[in-house]
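The values are calculated or read from the model by the stated rules, or taken from the named source; none is laboratory data. Predicted model only: the values in this text are computed from it and were never measured. Note that we place each Cβ from the backbone using ideal geometry, even for glycine, and neighbour counts take in every protein chain shown.
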Amino acid sequence: MKIHLLRSPEFSQETYSNVLQLLQQYRGPLQFVSSGNEDGFSEDFIEEKLWLNKDSFEHKKSVSFSHINMVKESKISFPFKEKTKTWKQLFTECDNYRRLKNIPDGEIVVLLTDIANDKNWFGSVSPSMKNYFIQTSNWEHFFGNGIDIRFPIAYEVIIWVMRYFMFADNDAILKNIHNTPIGCIMDFCKDKSQIILKMRTADVCPTCMTHFVARDVSILLSQQFFDILDGIRKSMTFRGRSVLLHKPSILEIKGRTKKIFFADLGGLELRLNPKEKALFLLFLKYPEGLILNELQDFRNELTASYSTFCNHTENDAINQSISNLINPFEQDRDIVLSRINKKIKDTVGELLMDFYTIKGERGERKKIKLDRELVTYLP
Ligand SMILES: [Zn+2]
């Protein structure tokens with residue numbers, strides 16, 4: 001059965017893609033389908049601007065600066081104003097999407113939105129049982145800033161979808177909710193912070209298990225559901241413990257275009273553009289590290305991998321780009337390096353970034369600390 005994940009425009013494209021990818025990793029009868037918006041998300045030509053000093057940054061766009069400060073401060077202080085829609089509005093958006101895309105009645109639509117709802121639930125189901133919404137914002141408030149919000153969002157998606165299979169209608173869902181939390185997917189979490197217990201256990205209690213049998217939920221479907229629940233729980237606990245135990249995630253390099261994944265973090269992808277990827281993989285290949293001023297020696301290697309990752313095939317453009325990268329008199333390599341490291345930080349967080357970033361004293365060898373036994377290359 002197809003589950004269409006509809007991204008509301010204000011919900012980050014990147015987090016959306018990550019949630020989708022997390023759910024798609026587990027094979028089974030449930031097929032998670034993208035709303036297609038990320039097709040316009042081309043990695044090839046996304047260039048980031050690096051502000052080298054505060055002055056130029058502030059002069060050109062002081063508005064952005066205040067914006068960045070605002071984003072950093074993710075702790076909610078009260079009174080806190082929040083955009084809110086009614087459940088009816090949210091389900092109407094699902095219905096509009098169904099019409100637009102001609103989605104058959106037998107398929108499910110799940111709206112992912114940062115906008116809150118009038119009843120202040122994490123998510124809910126329409127009377128038809130075919131439309132759902134999940135609130136994608138404010139997770140940091142319950143789990144703290146270290147949370148990778150993909151996990152609670154994916155968790156909410158999968159438990160709402162399973163309720164569709166476990167119960168005949170909305171009334172049955174409400175009747176079977178646990179008002180006292182016991183760490184089951186059917187905990188109501190009236191006090192919203194109880195969600196933490198529910199996600200830590202990510203389990204189904206024996207009573208709820210009987211609904212699977214009563215409603216004749218197929219073994220393949222149940223298997224997929226439990227695989228996803230287990231996967232989310234493991235990735236969340238791995239993240240917490242890996243910091244304490246200094247145990248980094250395995251890095252998986254997959255396919256011809258060498259996509260990079262953190263296998264133990266729910267398959268989180270490190271999204272590098274072709275040039276960044278070529279440089280990162282070069283450093284990964286040489287554990288002893290490289291001296292930046294000697295990058296010229298690796299021109300052929302860099303050019304070969306860069307052209308594999310690029311969609312465009314003009315050799316001139318590729319050669320020029322690599323020439324800039326290896327030129328010791330250009331700043332390009334420093335910019336690319338700092339972009340790679342920033343993306344690593346954004347992907348795995350400050351506490352784990354140390355294992356993967358390219359580091360070294362100025363003029364000395366720079367290297368990636370990760371034990372290469374934790375790197376797997378897959379076809
Ligand atoms: Zn239960």
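For residue 197, indicate whether it is within 16 Å of the ligand (Cβ to nearest atom) and surrounded by fewer than 17 Cβ atoms within 10 Å (Cβ to Cβ).
yes
Quick test of your reading of the structure: residue 209 fulfils all but one of (1) without any contact (Cβ under 8 Å) to a residue 24 or more places away in the chain; (2) surrounded by fewer than 16 Cβ atoms within 10 Å (Cβ to Cβ); (3) away from the ligand (no atom under 12 Å from the Cβ). Name the failing condition by number.
Every listed condition holds for residue 209 apart from (3).
Which of (1) out of contact with any strand residue (DSSP E or B) (no Cβ under 9 Å at 6 or more places or on another chain); (2) within 23 Å of residue 24 (Cβ to Cβ) does residue 159 not meet, given it meets every other one?
With (1) out of contact with any strand residue (DSSP E or B) (no Cβ under 9 Å at 6 or more places or on another chain); (2) within 23 Å of residue 24 (Cβ to Cβ) applied to residue 159, the lone miss is (1).
What number of residues in the range 345-362 are free of Cβ contacts under 8 Å to residues at least 60 places away in the same chain and either over 21 Å from residue 333 (Cα atoms) or exposed (fewer than 13 other Cβ atoms within 10 Å of the Cβ) (or both)?
Summing the residues that are free of Cβ contacts under 8 Å to residues at least 60 places away in the same chain and either over 21 Å from residue 333 (Cα atoms) or exposed (fewer than 13 other Cβ atoms within 10 Å of the Cβ) (or both) in the range 345-362 gives 3.
Could you grab me the full set of residues in the range 212-255 that are polar (S, T, N, Q) and either in contact with a His (Cβ under 7 Å, 6 or more places away or on another chain) or away from the ligand (no atom under 16 Å from the Cβ) (or both)?
218, 223, 224, 235, 237, 242, 249
Name the single residue that is surrounded by the most Cβ atoms within 10 Å (Cβ to Cβ) among those in the range 171-194 being within 14 Å of the ligand (Cβ to nearest atom) and of a type in the set (Gly, Ala, Ser).
Taking the candidates together, the pick is 183.
Could you check how many residues of the range 240-263 are modelled with pLDDT under 90 and assigned to a helix (DSSP H, G or I)?
Final tally of qualifying residues: 6.
Of all the residues that make up the range 78-113, how many are buried (at least 19 other Cβ atoms within 10 Å of the Cβ) and aromatic (Phe, Trp, Tyr)?
Here the count works out to 1.
So, residue 148, is that one of a type outside the set (A, V, I, L, M), crowded, with 17+ Cβ neighbours inside 10 Å and in a loop (DSSP other than H, G, I, E, B) or not?
yes
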